[in-house]
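The values are calculated or read from the model by the stated rules, or taken from the named source; none is laboratory data. Fair warning: this is a prediction, and the values are worked out from it, not measured in the lab. Methodologically, a virtual Cβ is constructed for each residue, glycine included, from the backbone with ideal geometry; neighbour enumeration extends over all protein chains shown.
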Amino acid sequence: MKNAYNFNLPEIRSGTFYQLKEFIGKVVILTFWTSWCPDCQRDLPKKEHLFQTLDSSKVVMITINVKGREREFDEAVRFHNKHINQLTLVDDNVETYRKYDAQGVPATVIIDQDGRIVKQLSDQSEFIEIVEALGRII
């Protein structure tokens, strides 16, 4: 297992910066997304439901908008405001997306309590794969 990249990214509304290292000690589920992506439009509501049912003392869910793949950033803000309640950060163009070797959107990365990547899921992965991977490390 390799260590996860310690991003330093702004929150989509407030601009407050967050780093991965702030969440060490909890399992972190990162989801990279864009507003125009039909798969993201199906995936993110499922993750939002999962977010509302998880124990936040053990698991943190973070979405990262891949700004460098957006047509217009305003569309990302509108999509976020309508569909996402979990912490949403904005990538520095595609830098963080590339550091995590993400393939397509949505791309999901599960990071263990020690900051190591335990599972990488592409846009072709099934939602159940996320739940199963999470169950193995919690």
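So which residues in region 119-128 are within 17 Å of ASP101 (Cβ to Cβ) and more than 15 Å from the chain's Cα centre (by Cα), if there are any at all?
Filtering region 119-128 for residues within 17 Å of ASP101 (Cβ to Cβ) gives 119-125.
Result: GLN124, single match.
What residue, among those in region 10-35 that are among the hydrophobic types (A, V, I, L, M, F, W, C) and either assigned to a loop (DSSP other than H, G, I, E, B) or touching a Cys at 6+ places or on another chain (Cβ under 6 Å) (or both), is farthest from GLN86 (Cα to Cα)? Among those residues, the one meeting the criterion is ILE24. Pairs only if they're at least six apart or on different chains, beta carbon under 8 angstrom, first in region 1-29 and loosely packed, with under 14 Cβ neighbours inside 10 Å, second small (Gly, Ala, Ser); list them, first residue then second. Between residues of region 1-29 that are loosely packed, with under 14 Cβ neighbours inside 10 Å and residues that are small (Gly, Ala, Ser), the close pairs are ASN3/GLY115; ASN6/GLY115; LYS21/GLY115.
Regarding region 85-92, can at least one residue be identified that is among the β-branched types (Val, Ile, Thr), over 18 Å from GLU11 (Cα atoms) and in contact with a strand residue (DSSP E or B) (Cβ under 7 Å, 6 or more places away or on another chain)? The answer is no; no qualifying residue exists. In region 123-138, the residues that are farther than 22 Å from GLY25 by Cβ form Cβ pairs under 7 Å with partners that are among the polar types (S, T, N, Q) and assigned to a loop (DSSP other than H, G, I, E, B), at six or more places apart or across chains, as follows: ASP123/GLN103. Residues of region 87-105 that are of a type in the set (S, T, N, Q) and either within 11 Å of ILE64 (Cβ to Cβ) or free of Cβ contacts under 8 Å to residues at least 12 places away in the same chain (or both): THR88, THR96.
Conditions (1) surrounded by fewer than 17 Cβ atoms within 10 Å (Cβ to Cβ); (2) in a helix (DSSP H, G or I); (3) among the small types (Gly, Ala, Ser), marked per residue:
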site	(1), (2), (3)
GLN41	yes, yes, no
PHE51	no, yes, no
ASP55	yes, no, no
GLY68	yes, yes, yes
ALA76	no, yes, yes
ASN85	yes, no, no
THR88	no, no, no
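Applying the set (1) modelled with pLDDT of 95 or more; (2) of a type in the set (Gly, Ala, Ser); (3) touching a strand residue (DSSP E or B) at 6+ places or on another chain (Cβ under 7 Å) to GLY25 leaves exactly one unmet item: (3).
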